[in-house]
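The values are calculated or read from the model by the stated rules, or taken from the named source; none is laboratory data. Nothing here was measured: the structure is a model prediction, and the numbers come from that model. As a convention, Cβ positions derive from the backbone with ideal geometry for all residues, glycine included, and neighbour counts pool all protein chains shown. Areas reflect the complete protein model, heavy atoms only, side chains present, ligands, DNA and RNA absent. Shrake-Rupley method; radii C 1.70, N 1.55, O 1.52, S 1.80 Å.
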Amino acid sequence: GKGESVWLAMFLYGILQRWRPILLELGETARAESFASAAAQLQQAVNEHGWDGEWFLAGTRDDGLPFGSRVCQEGRLFLNPQTWSVITGIAADERAAQALDAVARNLLKPYGALLLTPAYSSPDPYIGYITRYAPGLRENGGVYMHASTWAVQAYAMMGEHERAYEI
C-alpha cells in the first residue's frame, strides 16, 4: 500500500486539467483553483521524481524501489507512462519526445505496441498480477491493444502521423 504509480499520477493530472474549465463555467472558482494547484503539484512531482533519464518510470514499489526504470532487469520500460506524458501534456515537448523515442526503440512491433519490456520471468508480489502471466503474454510484455491505441494517439499528437498510422 505504499507504492506509487507515475501513470496514474499523469492520469489524475489530466482529469484535474479537464475539470478546471467545467468548474469555472459552473462558478466554482475556488474548487477550480484548487484543482489547478493540485495539477501543478502533480506536474512538478512527476517531472522531478518520475523521470528516469530517457523515459518515465512506471512507479515505485511498496519497498521504495522503482519499476519501469533503466535499473530494472525486467519490466524496465512501460508503455503507458510514456504515452500519457504526451496525452495529458504533463511533460515538456522535449521530454515527451524522448519518452516516445524510447517507445519506438523498445516497444513498437509490427503487430502493435508491447505494454512493457523485458517481460517478467517470475512473479513479483510488489508489481502484482501482470508478473504471473507467462513472459510475453497479455500485460507481461505482450501487445495490449487498448494501450496501443494510446500510442497511436500520442504519436499523432506529437505530429508523427506515419508512425501513428503504422501502429
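Here is how the numbers come out for the structure above:
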item	result
The chain - charge dipole about Cα centre, Lys and Arg +1 at Cβ, Asp and Glu -1, debye rounded to 20	340
Cleavage-rule hits, chymotrypsin sites (Phe, Trp or Tyr not before Pro), the stretch 88-146, DSSP coil, Cβ neighbours within 10 Å at most 16	Tyr111, Tyr126, Tyr133
Under the Karplus curve 6.51 cos²θ - 1.76 cosθ + 1.60, θ = phi - 60°, whole-Hz ³J(HN,Hα) for the stretch 29-46, x wherever Gly or Pro sits	4, 4, 5, 4, 5, 5, 5, 5, 5, 4, 5, 5, 5, 4, 4, 5, 5, 5
Computed E for Glu54/Ser34 - FRET, C-beta separation, R0 35 angstrom, nearest 0.05	0.55
Pairwise label distance in nanometres, Arg70 with Ile15, each label 7 Å out on the Cα-Cβ vector	3.2
Rounded percent of accessible protein surface that carbon and sulfur make up, the stretch 2-72, 1.4 Å probe	56
Dipole magnitude (debye, nearest 20) for the stretch 42-113, charges at Cβ of Lys, Arg, Asp, Glu	240
Helix-only [θ]222 nm of the chain, DSSP H runs n ≥ 4, -39500 (n - 2.57) each, per residue, nearest 500	-16000 deg cm²/dmol
Cβ charges +1 (Lys, Arg) and -1 (Asp, Glu), total dipole of the stretch 92-138, debye	240
Backbone HN-Hα couplings from phi across the stretch 53-60 [Karplus 6.51/-1.76/1.60, Hz, Gly and Pro as x]	x, 10, 7, 8, 4, 7, x, 10
Stretchable slack from Gln44 to Asp101, in nm (0.36 nm times residue separation minus alpha-carbon distance)	18.3 nm
Residue (of Ile15, Ala97, Cys72) at the positive-pole extreme of the chain, dipole from beta-carbon charges	Cys72
FRET efficiency, Leu24 to Asp124 (Cβ-Cβ, R0 45 Å, nearest 0.05)	0.55
Accessible area (Å², per residue) of the stretch 1-157, counting only protein heavy atoms and a probe of 1.4 Å	52
Arg132 versus Glu162: modelled label distance in nm, points set 7 Å from Cα along the beta carbon direction	4.4
The stretch 24-167 shape via C-alpha gyration tensor axes, a/c threshold 1.5	oblate
For Leu77, residues with placed amide H under 5 Å, excluding near neighbours	Thr117
Residue (of Leu116, Ala36, His161) at the positive-pole extreme of the chain, dipole from beta-carbon charges	Leu116
